[in-house]
Structures are given as C-alpha cells and as structure tokens.
1. Taking the Cβ of each residue in HIS168, HIS264 as the centre, tally the other Cβ atoms inside 10 Å and list the residues starting with the fewest.
2. Between GLN142 and GLU278, what's the calculated FRET efficiency when r is the beta-carbon distance and R0 is 45 Å? Round to 0.05.
3. From the square roots a ≥ b ≥ c of the eigenvalues of the alpha-carbon gyration tensor of segment 246-367, which class results: rounded (a/c under 1.5), prolate (a/b over b/c), or oblate?
4. Between LYS367 and GLN109, what's the calculated FRET efficiency when r is the beta-carbon distance and R0 is 35 Å? Round to 0.05.
5. Starting with the fewest neighbours, write out MET337, MET138 ranked by other beta-carbon atoms found within 10 Å of each beta-carbon.
6. Determine the gain in length on full extension of the stretch LEU185-LEU251; use 0.36 nm per residue of separation and subtract their C-alpha separation, reporting nm with one decimal.
7. Going down the table (LYS99/LYS367; LYS73/LYS99; LYS106/LYS362), which pairs top 29 Å between alpha carbons?
8. If R₀ is 51 angstrom, what is the calculated FRET efficiency for the pair ASN176 and VAL239, using the beta carbon separation as r and rounding to 0.05?
Amino acid sequence: MNSRHSFSQTPSASFHGAGGGWGRPRSFPRAPSVHGGAGGTQVSLSFTTRGCLPTTGSWDSGRGSPLLGGNGKATMQNLNDRLTSYLEKVRALEEANMKLESRILKWHQQRDPVSKKDYSQYEENITHLQEQIVDGKMTNAQIILLIDNARMAVDDFNLKYENELALHHSVEADTNGLRRVLDELTLCTTDLEIQCETLGEELTYLKKNHEEEMTALQCTAGGNVNVEMNAAPGVDLTVLMNNMRAEYEDLAEQNRKDAEAWFHERSATLQQQISDDEGAATAARNELTELKRNLQTLEIELQSLMAVKYSYECSLAETEGNYCNQLQQIQDQIGAMEEQLQQIRTETEGQKLEYEQLLDVKIFLEKEIEIYCNLLDGEERKGKSTCYKSKGYRPVNSGNQAEDSTEEAVVKTVVEELNQIGNVLSLRVHSVEEKSSKISNITMEQRVPSKVP
C-alpha cells in the first residue's frame with residue numbers, strides 16, 4: 001500500500017509601507033514540497049524560489065518602522081509562524097531524505113543477492129563432468145590397451161597357425177611320399193605274384209611234358225625189341241628235371257619268403273609311420289580346429305570391443321558437445337549478469353544524481369533559514385537592497401526602487417517514477433519561471449530504461 005506525504009507552503013503575508021517602511025507587497029521564498037511513498041511508485045519534489053528579496057525599503061528598527069507600529073506584533077507573530085513552519089518543513093525534508101536513503105539502501109540490499117549469484121553449483125557440476133571426462137579417457141586408454149593386447153594375441157595365434165599349417169603341409173607331403181612307396185611296393189608284389197604264376201604255369205607245362213614223354217617211353221618199352229647199342233651212358237633227364245624242379249622250387253620258395261618278409265617288414269614300418277602320421281595329423285587337426293575357434297572368439301571379442309570403443313567415442317563427443325553448450329550458456333548468463341550489473345551501476349549513478357539534487361535542496365533551505373534568521377536579528381542594513389544567489393535563485397534588476405519592483409519566481413519539480421520493486425523508470429525535472437504574469441515552461445526529461453529482473 002502506497003503512502004504519500006506532501007509538504008507545501010502558500011505565502012500569504014504582505015507588508016505595506018513607504019519611505020523607511022516596507023514597500024510594495026513582497027513574497028518570501030516558498031519552501032519546496034515533497035511527495036513520496038515508502039513502497040510507492042512515484043516520488044516528486046517541488047520548490048519555488050524568488051529571484052530577490054525586496055529591493056526597496058529597508059529593515060528599520062526605529063519607532064517609525066511597521067515592525068514597531070500598530071501591526072508589528074502581528075507581523076512578528078506571522079514571521080515566527082513562518083519560521084516555525086519552515087523549520088518543520090526542514091525536519092520533514094530531512095526525514096523524507098532519511099526515508100529515501102533507507103529505501104535506496106534497502107533497494108541495494110535487495111538487488112545485491114540477485115546480482116551476485118552463486119556459481120558454486122555450476123563449478124561443482126563442471127568439476128564432476130571434468131572428472132567423468134578424465135575417467136572416460138582412462139577407460140578409453142584401457143580399452144585401447146586391451147585392443148592392442150588382443151591384436152598382439154591374434155598376431156601370435158596367426159604365427160602359430162602358419163607354423164602348424166607348414167607342419168601340416170610337411171606331414172601331408174611325407175604321407176604322399178609314403179603312399180608313393182606303398183604303391184611301388186604294391187607294384188613289386190604284383191610283379192612277384194605274376195612271376196610266381198608264370199613259374200607255376202611253366203612247372204605245370206614241364207610236368208605235362210614229362211608225363212607225355214614218360215607215357216611215350218613206356219609205350220615204346222612195351223615191345224620186345226631189344227636194341228643194344230654200345231654207347232656212353234646218357235644223362236638221366238628225370239633226375240635232372242627233378243633236380244632242376246627242386247632247385248627252382250627252393251629258389252621260388254626262398255624268393256617268396258624273402259619277398260613276404262620284406263613286404264611284411266615294410267608294411268609294418270609303413271603302418272607304424274602311417275599311424276604316427278595319422279596321430280600327428282589328428283592332433284594337428286584338433287589344434288587347428290581349436291585355433292580356428294579361438295580366432296573366431298577373438299574376432300568376435302575384437303568386434304565387440306570396437307563397438308564399445310565407438311559407443312564410448314560417440315558418448316564422449318556428445319558429452320563434450322553438451323558441456324560446450326552448457327559452458328556457452330553459462331558464458332551467456334555471465335554476459336547478461338555483467339550487462340545487468342552495468343545497468344545497476346547506471347541506475348545507482350542516477351540515484352546518486354538524485355541524492356545530490358536533494359542535498360542541494362537541503363542546502364538551499366538551510367540558506368533560506370539562515371537568511372530569515374539574519375532578517376529577524378536585524379543584520380540587514382537600512383536602505384540597502386539585498387540580493388543573493390543560490391541554486392534555484394536568479395538576480396533581478398529593480399526598475400523603480402521606490403515602488404516598482406519586478407517579481408521573478410522559478411518553480412522546479414523533480415518527478416521520479418518507480419516500479420513495484422523500486423527500479424527507476426523515468427526522471428523528469430520540470431522548471432516553471434514566473435515573471436509578472438508571464439510564465440515560461442522549461443521541461444527536461446531523462447529516461448532510464450526500466451529493468452525487469
């Protein structure tokens with residue numbers, strides 16, 4: 001709820017006299033009026049000044065002075081009342097000034113917590129995010145180390161695979177060589193069997209011829225023809241054939257036995273070598289299968305690690321982008337706060353200017369009080385026109401010192417508009433100059449941009 005205090009003065013006293021008394025009616029300077037509210041939205045100050053004191057007549061302390069005449073007591077009472085009202089207005093202005101100072105201080109106290117924001121939460125978030133970035137970098141380095149170890153293990157397994165593959169090829173070459181030897185032995189066995197069959201057929205043919213010859217000889221010997229011949233004894237073909245048959249049979253049997261023994265020996269050796277080679281080939285095949293399985297497992301693990309690495313890189317890039325955006329927003333907020341601080345400084349300077357103006361008004365009122373005190377004490381000399389300069393006063397050239405004096409008044413009104421939270425919206429200084437019956441208005445307005453928190 002807004003409250004308004006107003007202080008105004010309407011000068012109504014006039015003095016009449018001639019010669020050593022008071023001249024034409026004179027108006028003393030009027031005290032300013034102040035309008036304001038403790039929590040309101042408008043404060044206005046107005047004061048009226050006269051150009052000079054009376055330029056004709058004098059303050060006379062003799063018996064012929066109106067001060068000691070019939071209405072002297074009333075005049076002194078009027079002056080005392082006016083002085084009392086001026087003192088009360090001065091005290092009221094001082095109270096209003098103190099209220100304004102308290103309002104300004106309160107406004108600054110209210111604005112300071114808003115202008116000084118606490119960025120500790122943002123700093124904690126930034127520190128936490130930086131720690132997460134460092135942890136992500138460490139995890140990325142560990143993943144890269146694991147990938148390098150897996151790559152080295154894959155290279156080792158590839159080397160082992162190549163060695164085993166070369167060994168497998170050498171075993172296959174040996175097996176092929178043994179197969180060729182087995183084929184040669186098979187051919188030799190086949191040749192020996194063919195020779196045995198040929199010798200058997202020849203033996204059968206010889207037996208058949210022998211039987212035919214024996215039959216022929218028996219038929220021939222069946223007659224009674226005796227032929228005696230004186231010849232050397234011939235060779236017994238039967239014994240010879242039997243001997244030859246026995247020799248061939250022994251030779252064939254010996255060759256067969258030798259061939260069988262050699263064949264069995266070679267076969268056993270080849271079978272042993274083949275069994276050994278088959279065992280080595282089986283072991284190599286099993287190891288090759290295991291290596292292929294390990295290779296597939298490592299490839300799958302490598303692909304999964306690459307996918308995890310890619311996801312970490314994407315997450316890191318996204319996190320960096322988010323942090324960059326947040327830092328940009330924080331920088332924008334800092335810039336906005338700096339602009340707000342600059343506006344607050346500008347408003348403070350305006351309030352300082354207003355305070356100086358109020359201080360000038362106070363000084364002016366104090367000078368008025370001092371002048372009135374001097375007037376009451378009779379320090380002004382007789383017949384001397386008093387004219388002084390102060391802020392808000394202007395010297396006036398007197399035309400006729402006897403009775404014709406020109407009145408000149410300057411009324412200045414300072415109007416300050418505030419919003420609900422105490423920010424200055426506009427500052428207007430309205431000056432009105434009065435001379436005789438002519439009024440000239442001079443208006444100066446300075447607007448301060450309103451600030452919405």
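Where a number appears in this text, it was derived from the coordinates with a stated rule and is not lab data. All values reported here derive from a predicted model rather than from experimental measurement. As a convention, Cβ positions derive from the backbone with ideal geometry for all residues, glycine included, and neighbour counts pool all protein chains shown.
1. Going from least to most buried by this count: HIS264, HIS168.
2. Efficiency for this residue pair is about 0.45.
3. Numbers: a/c = 18.14, a/b = 14.36, b/c = 1.26.
Prolate, because a/c is 1.5 or more and a/b exceeds b/c.
4. Working: r = 34 Å, r/R0 = 0.97.
That gives a FRET efficiency of 0.55.
5. Values: MET337 15, MET138 10.
The order, fewest Cβ neighbours first, is MET138, MET337.
6. Residue separation times 0.36 nm, minus the Cα-Cα distance, leaves 21.7 nm.
7. Details: LYS99/LYS367 23 Å; LYS73/LYS99 38 Å; LYS106/LYS362 22 Å.
Long pairs (Cα-Cα over 29 Å): LYS73/LYS99.
8. Working: r = 54 Å, r/R0 = 1.06.
In this case the efficiency is close to 0.40.
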